[in-house]
Amino acid sequence: MLLLILSLYFLNRKSQQEYFRDNSSQQTMKLLFSHFVLSLSFVFGEEIYSINDRNEEFKKPEGLQDSNKCFPRKLPCLSVVECSYENIEEALEEKIKLKERCNNSAEGELKLWGINRRSVNQICQKGLASCILPFDQITDEGPVFDKEYFDGGTYYNEARENDLTNEDKLEVDPGTVIENIYNNDAQNKLITWPSYIDNFEDCQYNAAMCCFVQDRQADDNNGDCESPYATNCVDADPGDNTDVCYVDMERAPTSSRTPAGFALFPLDGRNKATEGAAHCHGFAWSKNKWHPSSIFKGNNLFYVSMYDHFTQRGYVRNVPGSPMCGCVEKMSVVSRSDC
């Protein structure tokens, strides 16, 4: 099954055609016509490809004016499960029904944009990414920062609220950014998988997990951080939902900063865990790269790591020697995980 995200944008520029070729020899062509630019979008696994082809049939038919369009500036983002003209037409029809004072059919609206069956079928063979949020735009701090965050570092993990000043208002920074992404992007855009971070490269078991060992946020009914922060949230614990068995540091050497080594957390004489409180939450995805669980695994990672546990519960920091989040085979070995 193919998930297609269709995006068509209006652009008032002089007609031109530009050609590009990337390292994988996938041909990319961008078409700009005098009153519109067309881009049909979908994702192949973790990679994004694009192609448009210059075609006289893309040109706007004579006698059709921009003022006749139901969507004069740009066509809405359409989501369909299979790339075809019929599915695009059906999805657009539903959008038109919600538009006031619009009597166009979906076919007529597409014609106003110079889009026909042939042009759609050409682009459906390749695709151009749109309606996508690259994962590195969430923090917008660069790959080194993102890597450090998922290893349990940066001020995202290390800072604490201050009862007396506003200098550590984590609810604002990074809280506001993450809340905005959750409300405005994460629920209607595809978030890419951060394979630029080695924690998430080539997940062997199609599963990832986060394990947190501190709570840094009071008054959210999660963990034992309480206000005032200066006395009741210095080294607070998250809600304990697992036992950490051991960490094999060779599994994630860039996170442990050592090529090999073990950290063992045996039970004590009363069969009690000795490592302290830890909270783990994971998710898995299908081996079928077209399955929604695979396509939207970046959205799940954002939700689990940055929205639900980080901003809503205040859970931070990593099990020593292990990433805070990563493919399960690179993480600490634990007795269980929420999923």
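The values are calculated or read from the model by the stated rules, or taken from the named source; none is laboratory data. Note that the structure is a prediction, hence the values are computed from the model and not measured. Because the Cβ atoms are built from the backbone with ideal geometry, glycine has one as well, and the counts that use them run over all protein chains shown. For accessibility, only protein heavy atoms count, side chains too; no ligands or nucleic acids. Shrake-Rupley method; radii C 1.70, N 1.55, O 1.52, S 1.80 Å.
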Residue ID - farthest from PRO134 (Cα to Cα), chosen from residues in the range 189-243 that are among the acidic types (Asp, Glu) and in contact with a Ser or Thr (Cβ under 6 Å, 6 or more places away or on another chain)
ASP243
Sole residue being modelled with pLDDT of 95 or more, touching a helix residue (DSSP H, G or I) at 6+ places or on another chain (Cβ under 6 Å) and on the phi < 0 side of the Ramachandran plot, chosen from PHE150, PHE200
PHE150
Hey, can you tell me all the residues within the range 206-226 that are part of a loop (DSSP other than H, G, I, E, B) and surrounded by fewer than 23 Cβ atoms within 10 Å (Cβ to Cβ)?
ASN206, ALA218, ASP219, ASP220, ASN221, ASN222, ASP224, GLU226
Please go through the range 269-311 and give me each residue that is of a type outside the set (Phe, Trp, Tyr), more than 30 Å from ALA218 (Cβ to Cβ) and open to solvent by 20 Å² or more (accessible area, probe 1.4 Å), ordered by number.
GLY269, ARG270, ASN271, ALA284, SER286, LYS287, ASN288, LYS289, HIS291, PRO292, SER293
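Which of the residues that make up the range 227-268 are assigned to a strand (DSSP E or B), open to solvent by less than 40 Å² (accessible area, probe 1.4 Å) and in contact (Cβ under 8 Å) with a residue 24 or more places away in the chain?
Within the range 227-268, VAL244, VAL247, ASP248, ALA263 meet the criteria.
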Of all residues in the range 193-205, which are open to solvent by 30 Å² or more (accessible area, probe 1.4 Å) and assigned to a loop (DSSP other than H, G, I, E, B)?
SER195, TYR196, GLU201, ASP202, GLN204, TYR205
What pairs come out if I take residues in the range 84-97 that are open to solvent by 40 Å² or more (accessible area, probe 1.4 Å) and pair them with residues that are of a type in the set (A, V, I, L, M) and assigned to a helix (DSSP H, G or I) whose C-beta lies under 8 Å away, six or more apart or interchain?
GLU89/ALA106; GLU89/LEU110; GLU90/ALA106; GLU93/ALA106
Unmet requirement for ILE181, which otherwise passes all of (1) more than 17 Å from the chain's Cα centre (by Cα); (2) assigned to a helix (DSSP H, G or I); (3) at pLDDT 80 or above:
(1)
Could you list, ordered by first residue, the pairs with Cβ atoms under 9 Å in which the first is in the range 314-339 and open to solvent by 10 Å² or more (accessible area, probe 1.4 Å) and the second is aromatic (Phe, Trp, Tyr) and in a loop (DSSP other than H, G, I, E, B), at least 6 apart or interchain?
VAL328/TYR205; GLU329/TYR205
